[in-house]
Structures are given as structure tokens and as C-alpha cells.
Amino acid sequence: MANIGPIIKSIRTAEEITLGRLYRGILSNRQAIRFEHGESDIKAEGLFNILNRLDMSVSEFTYRYDTIIDNTEDHQRPVNQAIDRLDTWMDTDINSNEQRAVEQYVRDQPIVTLQQAKKVISLLPALQDQQVDTVISHVLRTLLNHWDQHSAKESLRSLWGDMTYHWLLNGQRDRAVMALKKWQTISETLPHSFTVTVQIHFVEVLLTSLSLSPKAIYEQTDPLIASARVLGDDDWADAFVDNRRHALTAFHKHPQWQSAEVGAIARFMTKLETNSDMPEYLNQIPGLIDFLANQNKSLSDYLSSY
């Protein structure tokens with residue numbers, strides 16, 4: 001939890017509390033000085049003890065932290081933009097400015113409240129692999145500290161659901177299977193959710209069928225997508241179509257584009273309202289630009305393709 005130290009220092013000096021008194025038994029004087037200069041980290045337990053000595057609640061400290069960290073709209077805008085886009089389309093491309101803002105936010109954010117944990121969970125798909133495990137460990141510790149609250153369990157379900165998709169779409173089958181099992185386990189302890197049940201079943205079928213031929217994978221998963229459309233949930237059906245396409249690409253089993261796959265992307269791009277960035281993003285999707293060129297069509301021509 002970086003950059004907390006200078007904030008703690010400002011509170012300590014305002015309260016006229018000495019360095020030794022505040023950190024006794026928690027940090028040595030040298031460690032405390034480095035911490036207050038923002039040069040070192042501190043464990044959640046140590047932070048709680050310090051806040052207790054400052055007679056400050058976690059929520060009060062969080063408010064003060066957020067006020068300082070989020071002191072300008074420009075600072076938060078890229079992070080919030082990334083969250084909105086990831087919520088709409090998990091594997092959406094985020095620009096370099098948003099990527100830097102997300103990485104800085106996650107690096108500097110003290111994950112000590114459920115609200116902070118939820119926000120960071122939503123940003124996990126945008127992180128580099130080397131950051132993900134560290135952030136997950138911080139989030140898990142926070143959720144366990146709040147385990148008496150129902151929303152902590154909901155957040156844990158969200159965490160493992162997001163990571164199942166993240167690792168599946170990045171070709172890491174073993175990690176996706178592990179996350180799926182955790183997703184299933186925590187879901188069984190919570191009230192039944194039809195949406196979650198359908199998602200888990202779809203991912204389970206997709207993961208199981210990845211050892212088959214591309215044609216067989218489509219045959220195994222098409223009925224689930226068709227069922228979603230029959231139920232009137234075209235958004236979920238499109239998400240399944242796109243996630244399947246992305247997973248097949250990650251596992252080198254996407255032989256050719258289907259009209260429904262292009263249609264799903266066209267509809268997602270419309271919802272994201274990123275027309276100015278569309279060419280840059282479409283170039284990131286393997287084979288799509290060539291497919292459109294060969295068909296002599298634009299992405300918008302597929303808006304009604306299901």
C-alpha cells in the first residue's frame with residue numbers, strides 16, 4: 001500500500017503526535033521515516049494499529065486518502081473510463097493513458113475497505129499478469145477482514161468470475177479451471193443467481209470442449225447461446241459469442257470469422273461509443289480487418305447479424 005505514509009505523516013503532525021509514540025511496536029524509527037516519505041510499504045494490520053492510535057476510523061482515513069489521491073477530475077477520469085468500458089466489455093482495449101492511470105491507481109490504492117476492493121476487482125482484467133497475483137492477494141486479505149458482511153462474499157464471487165474469464169481469454173486454461181472451481185464454490189454459499197449459474201455453465205462447457213475440434217466446440221456451445229437469445233437476453237448471448245471467439249483465438253482454434261461474431265463486436269462497439277478509437281482497436285483483433293476487407297463490408301454492416 002504505497003503513498004499512505006505521507007498522508008499519515010500529515011495527520012500525525014497535525015495531531016502533534018511524535019514519531020516514536022505513533023509507531024512504537026509497529027515500525028522502527030528508520031522504517032517509520034521511510035514509510036512517511038513514501039519509500040516503503042506497510043501491512044494492513046500495521047495500518048489498522050496506526051489508525052487506532054490516531055483515533056481514526058478506516059472510513060474516515062479512506063475519505064481523507066481519496067480526497068488527496070483523487071484531488072483532480074483529470075486524475076480519476078481515465079480510471080473511471082476504463083472501469084466503464086471493462087464493465088461493458090471485459091476484453092475491451094484501453095488506451096495507453098488509461099492503462100497508465102489504472103496501473104498507478106492499483107499501485108497506490110490502499111485496499112482496506114470493501115468499496116476499494118470492489119473497484120480494484122473491476123480493474124483486474126486491465127492489469128499485466130505480473131501485477132495480478134499481487135493485487136489478488138491484497139483483495140483476498142481485505143475480503144477476509146470483512147467476511148462478516150454479505151457483500152464481501154459477493155465481491156469474492158465477482159473476483160473469481162472475472163479471473164476465470166481473464167485467464168480463459170488469455171489462453172491460460174489451468175488457471176481458468178482453478179478460478180472456475182473457486183467461482184463455483186463461493187457461488188454455492190450465496191443465494192442462487194440465474195445469471196451466474198448460466199455463466200458458470202457456459203464457461204465450464206467451453207473449457208471442457210477446448211480439447212475438441214473448432215467445429216465441435218461451436219456445436220457444444222451454440223445451444224447455450226441460442227437459449228440466451230430465446231430468453232431475450234441478447235447482451236449475454238453476444239458476450240458468450242465474443243468470449244468464445246476470443247477463447248478460440250487464444251487457443252489457436254478460431255479458423256474463420258462467423259457473421260454472428262462480427263455482429264457481437266459491432267454491437268459492443270456501438271455501446272462503448274468509441275468510434276474515434278475503433279480502427280485502433282479493430283487492429284488488435286486478429287484477422288477482423290482482413291475479414292471485413294475480403295467481404296468488402298464495414299463493421300456497421302453486421303449490426304443485425306446474430
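Remarks
- Top-ranked residue in region 159-188 [being modelled with pLDDT of 95 or more and of a type in the set (S, T, N, Q); ranked as nearest to ASP242 (Cα to Cα)]: THR164
- Pick from region 260-306, criterion touching a helix residue (DSSP H, G or I) at 6+ places or on another chain (Cβ under 6 Å) and over 29 Å from GLU98 (Cα atoms), ranking: surrounded by the most Cβ atoms within 10 Å (Cβ to Cβ): ALA260
- Candidates are the residues of region 4-24 that are touching a residue at least 24 places away in the same chain (Cβ under 8 Å) and assigned to a loop (DSSP other than H, G, I, E, B); the one that is least open to solvent (accessible area, probe 1.4 Å) is ILE4.
- Considering each residue of region 247-267 in turn, none proves to be of a type in the set (Val, Ile, Thr) and either outside any helix (DSSP H, G or I) or more than 20 Å from ASP290 (Cα to Cα) (or both).
- Test set (1) in a helix (DSSP H, G or I); (2) closer than 30 Å to GLY5 by Cβ - VAL112 fails condition number: (1)
Residue-wise test of (1) in a helix (DSSP H, G or I); (2) at pLDDT 80 or above.
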site: ALA32; (1), (2): yes, yes
site: ASP41; (1), (2): no, no
site: ILE50; (1), (2): yes, yes
site: MET56; (1), (2): no, yes
site: TYR63; (1), (2): yes, no
site: ASP66; (1), (2): yes, no
site: ASN71; (1), (2): no, no
site: ASN80; (1), (2): yes, no
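- TRP236 being of a type in the set (A, V, I, L, M, F, W, C) and open to solvent by 70 Å² or more (accessible area, probe 1.4 Å): yes
- Conditions (1) closer than 16 Å to GLN284 by Cβ; (2) over 27 Å from the mean Cα position of the chain (by Cα): number failed by VAL262: (2)
- Scanning region 207-229 for any residue that is closer than 30 Å to THR142 by Cβ and within 18 Å of the chain's Cα centre (by Cα) turns up nothing.
The values are calculated or read from the model by the stated rules, or taken from the named source; none is laboratory data. The model shown is predicted, which means the values in this text are computed figures rather than measured ones. Heads up, the Cβs are rebuilt from the backbone with ideal geometry, glycines too, and the neighbour counts pull from every protein chain shown. To get the accessible areas, we keep the full protein, side chains included, count just its heavy atoms, and leave off ligands, DNA and RNA. Shrake-Rupley method; radii C 1.70, N 1.55, O 1.52, S 1.80 Å.
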